[in-house]
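Some notes on the structure that comes next.
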Amino acid sequence: MPQSEAGETPPCGPYGNELYLVRAERKTTMAQIAFGLFDWIDRGQKPLQQLYEERLRLVAAADAAGFFCYHLAEHHHTPLGMAPSPALFLTAAARQTQRIRLGPLVYLLPLYHPLRLLEEVCMLDHLSGGRLELGVGRGVSPYELACFGVDASVSRQMFHEAMAILTAGMTQERLTFLGRYYQYRDVPIEIHPLQRPYPPLWYPTHNPESLQYAARHGYNFVGLGSAAMVRRQVEEYWETWQAHRHDTGRLNGHVASPKVGVMRQVVVAESDAEALAIARPAYDDWYRSITKLWHAHNDHSVDHLFAWDIALQHQTLLCGSPARVREQVASLLEETGCNYMICSFAWGTLSGEQSLRSLRLFAEEVMPAVTAAAAR
């Protein structure tokens with residue numbers, strides 16, 4: 001039987017050729033590893049103005065270092081998120097950078113008036129020079145949604161309606177939409193995005209139903225959790241993506257090669273011991289931020305997802321010298337099959353200088369070696 005250049009025999013069966021082709025495409029994509037930057041802008045203990053200035057310096061450093069994109073979370077009424085309006089901060093970041101792409105990860109669609117968000121997205125794409133990466137979602141915290149009077153049980157339906165309005169509004173001159181939650185009749189659309197038909201779409205999730213949705217439409221995808229869990233998500237994503245890649249009406253169909261990524265918190269220092277000493281108190285503060293709103297409602301169901309011991313066990317926190325982190329990153333990408341890694345260097349009580357040093361050490365001593373190895 002014919003073999004690939006790597007010596008792999010194409011599988012037999014009715015879907016054998018298709019599965020072989022998608023595996024070959026994935027290997028090609030894996031040789032093109034890219035790195036991004038993720039941020040919550042959680043409160044920590046510093047003045048808010050200082051926090052924003054330090055983050056803008058971090059984004060500028062990531063731009064200079066060649067990171068692909070800066071992804072910003074949206075949270076409300078919790079110290080986890082001091083950027084409750086991602087577009088405001090991303091607009092400031094756009095004026096401080098030249099090449100790095102910028103995007104929310106994610107806009108919480110049930111919390112927005114869809115027409116208002118449509119205009120905001122289009123403005124941001126132009127203000128950034130067409131660098132917007134548009135992450136969307138429905139929200140993971142029922143308590144944040146409840147603050148706005150949104151019932152989490154209907155957030156999925158609201159999300160799908162809002163998404164239909166966004167994509168239609170970005171591609172049409174007039175908009176009519178008659179849904180359960182939103183109704184518009186013959187609305188003139190005077191602003192459209194710079195990128196056509198619209199900016200690349202992103203959807204992070206660990207929910208099986210949402211994963212299927214993201215893969216069917218070819219969203220850029222970010223997996224969460226242990227490497228083994230992400231591997232299962234990645235396999236399911238590519239199988240579903242392959243089965244639906246030629247469907248009409250796919251929302252992200254204009255993106256031929258989606259990024260399939262994994263997110264990790266990262267601390268890099270001169271030695272393993274120094275990195276660990278820096279990371280532990282900062283992580284404790286970040287843990288209080290990410291769980292605070294849940295604990296305020298006497299809900300401890302998410303505690304196990306973010307506990308320090310779990311973070312070290314599953315390596316959702318990568319911590320150490322450049323050599324150690326280099327090994328961890330290479331192992332993570334090989335085990336998960338991801339072609340994209342999003343790093344968070346700033347969280348909790350990490351100082352601005354500590355975060356900048358982590359990013360620079362990572363960019364100088366981790367990224368080049370990992371991307372070169374993947375290319376080989």
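Side notes on the structure shown:
- In this entry, LEU115 passes the filter for residues that are assigned to a helix (DSSP H, G or I) and touching a strand residue (DSSP E or B) at 6+ places or on another chain (Cβ under 7 Å).
- Within the stretch 108-122, the residues that satisfy the criterion of being under 18 Å from SER155 (Cα atoms), over 20 Å from the mean Cα position of the chain (by Cα) and in contact (Cβ under 8 Å) with a residue 12 or more places away in the chain are PRO114, LEU115.
- In the stretch 301-309 there is no residue matching the filter, namely being touching a residue at least 60 places away in the same chain (Cβ under 8 Å) and charged (D, E, K, R).
- Listing of helices (runs of 4 or more DSSP H) fully contained in the stretch 129-221 that carry 2 or more residues being modelled with pLDDT under 95 and of a type outside the set (A, V, I, L, M, F, W, C): 208-217
- The condition (being farther than 28 Å from HIS314 by Cα and within 18 Å of the chain's Cα centre (by Cα)) is satisfied by just one residue among ASP125, ASP186: ASP125.
- Just so you know, in the stretch 260-310 the residues that are assigned to a helix (DSSP H, G or I) and β-branched (Val, Ile, Thr) include one that is farthest from TRP202 (Cα to Cα), and it is ILE278.
- Per the conditions (1) closer than 22 Å to SER289 by Cβ; (2) in a helix (DSSP H, G or I); (3) out of contact with any strand residue (DSSP E or B) (no Cβ under 7 Å at 6 or more places or on another chain), the sole criterion not satisfied by MET82 is (2).
- Only a single criterion out of (1) in a helix (DSSP H, G or I); (2) touching a Lys or Arg at 6+ places or on another chain (Cβ under 8 Å); (3) not small (Gly, Ala, Ser) is not satisfied by LEU88, namely (2).
- Within the stretch 39-79, considering residues that are part of a loop (DSSP other than H, G, I, E, B) and more than 22 Å from TYR287 (Cα to Cα), the one nearest to the chain's Cα centre (by Cα): PHE68
- Of residues in the stretch 225-266 being β-branched (Val, Ile, Thr) and more than 20 Å from ILE33 (Cα to Cα), the one surrounded by the most Cβ atoms within 10 Å (Cβ to Cβ): THR240
- Sole residue being touching a Lys or Arg at 6+ places or on another chain (Cβ under 9 Å), of a type in the set (D, E, K, R) and surrounded by fewer than 22 Cβ atoms within 10 Å (Cβ to Cβ), chosen from GLU335, GLU364, GLU353: GLU335
- Total residues in the stretch 156-201, condition of a type outside the set (S, T, N, Q), surrounded by fewer than 14 Cβ atoms within 10 Å (Cβ to Cβ), free of Cβ contacts under 8 Å to residues at least 12 places away in the same chain and in contact with a strand residue (DSSP E or B) (Cβ under 9 Å, 6 or more places away or on another chain): 2
- Residues satisfying the stated conditions in the stretch 311-321, i.e. crowded, with 18+ Cβ neighbours inside 10 Å and in a helix (DSSP H, G or I): ALA311
- Residue match in the stretch 275-285 (condition: under 18 Å from the mean Cα position of the chain (by Cα) and either among the aliphatic types (A, V, I, L, M) or surrounded by 16 or more Cβ atoms within 10 Å (Cβ to Cβ) (or both)): no
- Test: residue in the stretch 227-236 that is at pLDDT below 95, among the β-branched types (Val, Ile, Thr) and within 30 Å of LEU318 (Cβ to Cβ): no
- The set of residues from the stretch 202-226 being touching a residue at least 24 places away in the same chain (Cβ under 8 Å) and polar (S, T, N, Q) comprises THR205, GLN212, ASN220, SER226.
- Here the stretch 61-111 is the region considered, the condition is being of a type in the set (Val, Ile, Thr) and under 23 Å from TYR143 (Cβ atoms), and the residue that is surrounded by the fewest Cβ atoms within 10 Å (Cβ to Cβ) is THR78.
The values are calculated or read from the model by the stated rules, or taken from the named source; none is laboratory data. The shown structure was predicted, so the numbers you read here are calculated from the model rather than taken from an experiment. So basically every Cβ, Gly included, is an ideal-geometry build from the backbone, and we count neighbours across all protein chains shown.
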